[in-house]
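Engineer: What follows is a structure written as structure tokens; I'll ask about it next.
The values are calculated or read from the model by the stated rules, or taken from the named source; none is laboratory data. Here the structure is a predicted model, which is why all the values come from computation and not from measurement. Cβ sites come from the backbone with ideal geometry, for glycine too, and all protein chains shown count toward neighbours. With ligands, DNA and RNA removed, areas are computed over all heavy atoms of the protein, side chains included. Shrake-Rupley method; radii C 1.70, N 1.55, O 1.52, S 1.80 Å.
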Amino acid sequence: MSFFDRFLTRERQQKLKRRYIHKVMLFISKTINITCPKRFHITDYVRDHNFIACLWHGNFLMMPYLYAKAREIPNMCLITAAHNDGAMVEQYFEQFGLESIRGSTGTHKGGTKALIQAVRALKEGKDVAVTPDGPKGPYKSIANGILLMAMRSGVGICGCRVKPSAYWELKTWDKFCIPKPFSRIDYYIHKPLFLPQDIEIDEAKKILQEYMNEVDAL
């Protein structure tokens, strides 16, 4: 039994999380952004093209600050899970002017609807952000949704990474990363990866996994 379970029902805990967690996350990220020296490494490709931002679930906290460096005016949709945790992530990103598409990167009923909306957004010139291992893992795995999104739209996938010199790592499935104040942060948007429309899904997954391994090594 956790400390909170002693005093609050699970339903009450969820209500408090929905009401406050996005505000807490914003306070933490703003504190980090103000106190940490930063270096940005952004491919020139995104200056003139929309893109699919591919990032691991545990690395999303500071992503809005990276995106703000690439786009003065936000033009992004984020794929978020349909359950409560997805709603909290959605509320966090809304504070930066980013839109959300509720669903997942899988190919089940809810994922298919999100995929259709994401491809439409890409064809309209929007950027779309995806955590291919979200919403529940496994850690650094790749679901089919982002692959189909890239294949059907023809838009390039750009791996994104926030790399702090010092950080806390939560004991969650995604090893959620919180940079420590006053650490140095390197922000990356990597060169684009394009997937042909006729490629086999397993081959596409292998190619993207190798690409993301390259991003992780930056």
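Engineer: Select from the range 169-218 the residues that are open to solvent by 70 Å² or more (accessible area, probe 1.4 Å) and of a type in the set (S, T, N, Q) and write down the one among them that is nearest to Ile34 (Cα to Cα).
Structural biologist: Asn213
Engineer: OK, next. Considering every residue within the range 163-172, establish whether at least one is within 15 Å of the chain's Cα centre (by Cα), modelled with pLDDT under 95 and not β-branched (Val, Ile, Thr). Don't jump to the end; show me each part of the working.
Structural biologist: Going through the range 163-172, the residues within 15 Å of the chain's Cα centre (by Cα) turn out to be 163.
Going one step further and asking which of them are modelled with pLDDT under 95, we end up with none.
Checking the range 163-172: not a single residue is within 15 Å of the chain's Cα centre (by Cα), modelled with pLDDT under 95 and not β-branched (Val, Ile, Thr).
Engineer: Name the residue, out of Asp198, Asp216, that is under 22 Å from Tyr139 (Cα atoms) and of a type in the set (D, E, K, R). First the steps, then the outcome.
Structural biologist: Values: Asp198 fails: under 22 Å from Tyr139 (Cα atoms).
That would be Asp216, the only listed residue that is under 22 Å from Tyr139 (Cα atoms) and of a type in the set (D, E, K, R).
Engineer: Another question, if that's okay. Enumerate the helices (runs of 4 or more DSSP H) found wholly within the range 1-120, keeping only those where 1 or more residues are closer than 21 Å to Thr131 by Cβ, at pLDDT below 85 and open to solvent by 60 Å² or more (accessible area, probe 1.4 Å).
Structural biologist: On the way: elements: 10-35, 45-48, 63-70, 84-94.
Counting at least 1 such residues, we get 10-35, 84-94.
Engineer: Restricting to the range 126-180, count the residues that are among the polar types (S, T, N, Q) and in a loop (DSSP other than H, G, I, E, B). Spell out the reasoning first.
Structural biologist: Restricting attention to the range 126-180, the residues satisfying the condition of being among the polar types (S, T, N, Q) are 131, 141, 144, 153, 165, 172.
Keeping just the survivors that are in a loop (DSSP other than H, G, I, E, B) gives 131, 141, 165, 172.
Final tally of qualifying residues: 4.
Engineer: Would you please list the contacts, defined by Cβ atoms under 8 Å and residues six or more apart or on different chains, that run from a residue in the range 187-199 that is basic (Lys, Arg) to a residue that is modelled with pLDDT of 95 or more?
Structural biologist: Qualifying pairs under 8 Å: Lys191/Thr43; Lys191/Tyr45; Lys191/Cys158.
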